[in-house]
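Nothing in this text is a laboratory measurement; each read-out follows from the coordinates by a stated rule. Bear in mind the structure is a predicted one, so any value in this text is a computation, not a measurement. Because the Cβ atoms are built from the backbone with ideal geometry, glycine has one as well, and the counts that use them run over all protein chains shown.
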Amino acid sequence: MIWLNVIVSGVLLGGFYALFACGLSLMFGVMKIINLAHGDMAVVAGYTAVFLVPKFHLPEVWSFIVVVPLFALLGYVVQRTLFQKSIDRDPFTTLLVTFGLSVVIENLLLEIYTANAQSINIGSLIAKSWQVNNTIYVSYLSLTVLIVSVVVLAALQLFLSKTSTGRQIRAVSDDREAAQLCGTNYRHIFGIASSLAFATVALAGIAFGMYTSLDPTSGGVNLLYAFETVVIGGIGSLWGTLVGGILLGIAQQFGAHFNEQYTVLAGNILFLIVLAIRPQGLFGKKVVMS
Amino acid sequence: MSVEDLTPVDQSITVKRNQIPVAYTLGGVVALAVFFTWAPWILPASDVTILMNFFILVIMATMWNLLAGYAGMVSIGQQGFIGLGAYATLYFAIKGMDPFFAIPLAVIVCAVIAFPVTFLLFRLRGGYFAVATWVVANSAMLIIGSIAFFGGGTGHYLPGLTNLSFKVLNHDTYLAAWFVALVVVVATYILLRSRLGLVLSSVRDNEVASRSSGAKVTSTRRTVFIVAAAGCGAAGAVLAISQPFIQLGNEFNLQWAAEMLFASMIGGLGTIEGPILGCVIFFVLQQSLQNYGAWYLIIFGALAVGVAIWQPRGIWGFVRDTFHFELLPVGYRVSGAGVTNEARSAMRTVRWLRRTQKTPLEQDDKSP
Amino acid sequence: MSDPAAESTGLHRLAVANLTIHHGQLRAVDDVSFSVGASEVLAIIGANGAGKSTLLRTIAGLHTQTSGSITFEGEEISGLRTFRRVRRGISLVPEGRRLFPSLTLEENIQVGAQKAAAGFFTIDAAYELFPWMHERRRQRVGQLSGGEQQAIAIARALVANPKVLMIDEVSLGLAPIVIERIYEFLPTIVAQGIGVLLVEQDVSQALAVATRVHCLLEGKTSLVGAPSELSPGAIEAAYFGTTHSPSTPEESP
């Protein structure tokens, strides 16, 4: 029964990690860049929900209505300016630039909003849960986040496979040059992919702010989880991302079962094992590693 | 292919190593060395502390530059080795050793740990490598943190220093930082002028070609990674003595990675002088903005981003390429019309072969 | 027999003048000029490394020239990005086909038709031209043969309804019978008024289909003319850069 509890809470956590990771996966798949500021973007989204949204007299639960479109726009702009400029140089530059951005964001938040933790107020919803039996509780919030992440992943999958923009995104990620020869403005497509990635990371940031609390340095650890999720699941596979998130969640809960200190370490160890045995991830193709 | 076949027939191409007479460079270095060794006796204690922190950052930045600037490995997990170096020092000190004597041992510990780690990390490239180094650093921190012997999350006081007065401790720690920095910079310089430096520059020009021509690319990378780990371990050991309360979050702080990265980036990757210049800029910024919280780091980071995009050779690289001026040249400079990267790399190889084969042709080490 | 004659035929769609292109330090294309008119097939021939592919890639906008001009329908297009040139009506079938491996056959063609001009070559028209494609449209392109992939690459470029179609090394790595089948479609393409700029290593193939031939030798123009006007000796001399060809006058500069 204890193990069932570990698995249930692992799966719930996994949904959240998948939501966090799908933007990272998308940006790597299409632009071949690893956005080291990914976690910090989520924190900024959470802070926006805490500090900006109340100005619109909107309950914080509904903050995503404002924050997600805002971030979609931000994603497009950042991609067309800063990220595109670094891509035009080389992959090395994208790493340095996104890392620099991450440190700058973290410290800006620290300067403006202090090191105090912030959380998104969702009223009584936070305490509500569904009791499966006398040891297993599933909180409404965790379940909602899991459902949201499955819906988001399914919607992304559908968008990529059924729409003409989605087709162009896949074409650009296959062969950027050939896509240009088909009349595709790859910079614009990059912008759209980035916009989607930022929208999902905004959702993840808000979910995170509802779950626990955010502080300026939360971004780093979240990037770590998102990255582990992507690598475990395999690059370029959205459903792999979901499985990766769930496996990471279970591993962490498994570690936590022995000692709270081992939570993150157990996830890291799973990540390193996957890396050693199957570096392309469980559902990934072998070619994308270089 | 004989060596002679590759010598430049075009007279517009010249091959030279040094623009400044070696004697001047050497003289300058000796004068600086004397000054920095004397510094604790002539400067106030607060300045000595700043200089000490400066040298610790010089060690880190030089090591990061060796990793990323010369070997193309972007690591954001070097703080792992800084932490391991600090905790190794703590371990030996608890066991009764003088912390200063523990520094070389901490270096060895980090090198030994780095070796197996490379087999895991070298399966990845680029961004994946970068984040994986961070995962490794994070894991090292969590493992150390779970060991009660080291005080867990609360930290541990570094024993063996209590019989020293503050002034003496400050002097000794400063001297340790300065000497380690000197050793690290000189060792990096020698390393890059050796065969290893040659392999690195050939990989930089064309990895596939240098692999196929028999260069041991992976083992060279491994050596560089281990050296960088050892160097960061030394920095961590000195850092531990300078604090001297050892705390998990301090030693394994991601901020170390940020500072070393920004300093080398701004100063100029791929030069010996650049990262040192970057550290100078960092400390000038930090000191002049010390009343404004984290703004120094925000400005430093933004500056690094700007440099990465608009001036990727960094400030020193810009100076070098604009004025054709180098203090510590590690490669040969081939100049003239119609010289391709391939030709440059080929000529470097030729020169190196000549040097090692000790042919009577050897003249290029003298300045024109 | 030489340039001025071709230029004066008027109504040329694509014109390249004094084009010089560098590949790093190497001068890949050196002071080359030519033009392509409607329904014309200009074949660029030359040995490996003569600069043919670089030339096409530069016209498509994937590479920047050092000097010279590229005009399309009388307008300078050197400053335009690749996708803008495609939308104006210059399509390139790149060397090595470059299909999108994770997309199906139909999706590959759909990507080509995304920003298409109105015209004869719709996706349905492409299926009519290549009936087998319709049956296999749901397959991933990686599973198809080299010749089939080449046909898809051509179809993908055609559905954009270009005014000038550039084809780079169609026959590379294909069996002669397959090459022949692919070239069967050239008349259909030309009949729609499309100007074709062809890079072909197989000289006999190029001579068989081209209205005019332009030979490059180490980046320089070594011979220009209609296939019927050129003697095999002159072509050989221009192709290989040999100076002794007894029966024909010296062509190479």
- prompt: Using the eigenvalues of the Cα gyration tensor, what equivalent ellipsoid semi-axes result for the protein assembly as shown when each is taken as the square root of five times the eigenvalue, whole Å, largest first?
  reply: 54, 40, 22
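Sum -39500 (n - 2.57) across every DSSP H segment of at least 4 residues in chain A, then divide by the residue count to get the 222 nm mean residue ellipticity, nearest 500.
Details: 12 runs with 203 residues, N = 290.
Per the formula, -23500 deg cm²/dmol.
Based on the Cα atoms of the stretch C:151-197, what semi-axes does the equivalent ellipsoid have, where each is the square root of 5 times one gyration tensor eigenvalue, given in whole Å with the largest first?
Values: eigenvalues 71, 25, 17 Å².
Largest first, the stretch C:151-197 gives 19, 11, 9 Å.
Net charge near B:Gln79, counting Lys/Arg +1 and Asp/Glu -1 over other residues with Cβ under 11 Å of its Cβ? Before the final figure, lay out the partial values.
Numbers: positive: none; negative: B:Glu251, B:Glu259.
So the environment of B:Gln79 carries a net charge of -2.
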query: So, in nm, how far is label B:Ile281 from label A:Lys85 when the simple model puts each one 7 Å beyond its Cα toward the Cβ?
result: 1.5
Nearest-0.05 FRET efficiency for A:Leu58 and C:Arg140, computed from C-beta distance (R0 35 Å): 0.15
task: Starting from 0 in steps of 10 Å, tell me what percent of the Cα-Cα pairs of the stretch B:264-332 lands in each bin.
output: 23, 46, 24, 6, 0
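Treat the count of other C-beta atoms within 10 Å as a stand-in for reagent exposure and order B:Asp205, A:Asp215, A:Asp90 from fewest to most.
Working: B:Asp205 17, A:Asp215 20, A:Asp90 12.
Going from sparsest to densest Cβ surroundings: A:Asp90, B:Asp205, A:Asp215.
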query: Viscosity 1.567 mPa s, temperature 4 °C: Stokes-Einstein D of the stretch B:18-331 from its Kirkwood Cα radius, in µm² per second?
result: 65
message: Going by amide H atoms built from the backbone, whose H comes under 5 Å of the H on A:Ser129, apart from near neighbours?
response: A:Tyr140
- prompt: Can you list the HN-Hα couplings for the stretch C:188-201, worked out from phi with the Karplus curve (6.51, -1.76, 1.60; θ = phi - 60°), rounded to whole Hz and with x for Gly and Pro?
  reply: 4, 5, 5, 4, 7, x, 6, x, 10, 10, 10, 9, 9, 7
- prompt: Kirkwood Rh over Cα pairs of chain C into Stokes-Einstein at 4 °C, 1.567 mPa s: D in µm²/s?
  reply: 70
statement: Listed by chain and number, the residues whose amide H is under 5 Å from that of B:Ile76, excluding neighbours fewer than 5 places away on the same chain and using placed H, are B:Thr133, B:Trp134
field: Residues A:His257, C:His12, C:His23, sorted so that the one with the fewest Cβ neighbours within 10 Å comes first
entry: C:His23, A:His257, C:His12
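Going down the list B:Lys95/B:Lys167; A:Lys32/A:Lys85; A:Lys32/B:Lys216; C:Lys52/C:Lys220; C:Lys52/C:Lys163, which pairs span over 22 Å between their C-alpha atoms?
Exceeds cut-off: B:Lys95/B:Lys167; A:Lys32/B:Lys216.
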message: Explain nothing, just compute: Karplus ³J(HN,Hα) = 6.51 cos²θ - 1.76 cosθ + 1.60, θ = phi - 60°, for every residue of the stretch A:173-184 in order, whole Hz, x for Gly and Pro.
response: 6, 6, 7, 4, 6, 5, 5, 5, 5, 9, x, 8
message: Just to confirm the number: angle between the C-alpha axis of helix A:262-277 and the first principal axis of chain A, 0 to 90 degrees, nearest 10?
response: 40
Between 0 and 90°, nearest 10: helix A:218-233 axis offset from chain A longest Cα axis: 70
field: Of all DSSP beta bridges in the protein assembly as shown, antiparallel share, percent nearest 5
entry: 65
query: In whole Å, what three semi-axes, largest first, describe the equivalent ellipsoid of chain A built from its Cα gyration tensor (square root of 5 times each eigenvalue)?
result: 30, 23, 18
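What net charge is computed for the residues neighbouring B:Ile315, neighbours being all others with C-beta under 15 Å from the C-beta of B:Ile315, Lys and Arg scored +1, Asp and Glu -1? Write out the running numbers ahead of the final one.
Working: positive: B:Arg313, B:Arg320; negative: B:Glu273, B:Asp321, B:Glu326.
Taking every other residue near B:Ile315 into account, the sum is -1.
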task: Please report, in debye to the nearest 20, how large the charge dipole of the stretch A:2-289 is about its Cα centre when each Lys and Arg carries +1 at its beta carbon and each Asp and Glu carries -1 there.
output: 720
query: C:Gly68's amide H: which non-local residues (gap 5+, or another chain) put their own amide H closer than 5 Å, with H modeled 1.01 Å from N in plane and none for Pro or chain starts?
result: C:Thr20
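Just the Kirkwood number for the stretch A:63-123, please: inverse of mean 1/r across all distinct Cα pairs, in Å, one decimal. Before the final figure, lay out the partial values.
On the way: mean 1/r = 0.0724 Å⁻¹.
Computed over Cα pairs of the stretch A:63-123, the Kirkwood hydrodynamic radius comes out at 13.8 Å.
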message: If you take every residue apart from C:Ala151 with its C-beta less than 12 Å away from the C-beta of C:Ala151, what net charge results, scoring Lys and Arg +1 and Asp and Glu -1?
response: +2
From phi via Karplus (6.51, -1.76, 1.60), per-residue ³J(HN,Hα) for the stretch B:258-270 in Hz, x at Gly/Pro: 5, 5, 5, 5, 5, 4, 5, 4, 5, x, x, 5, x
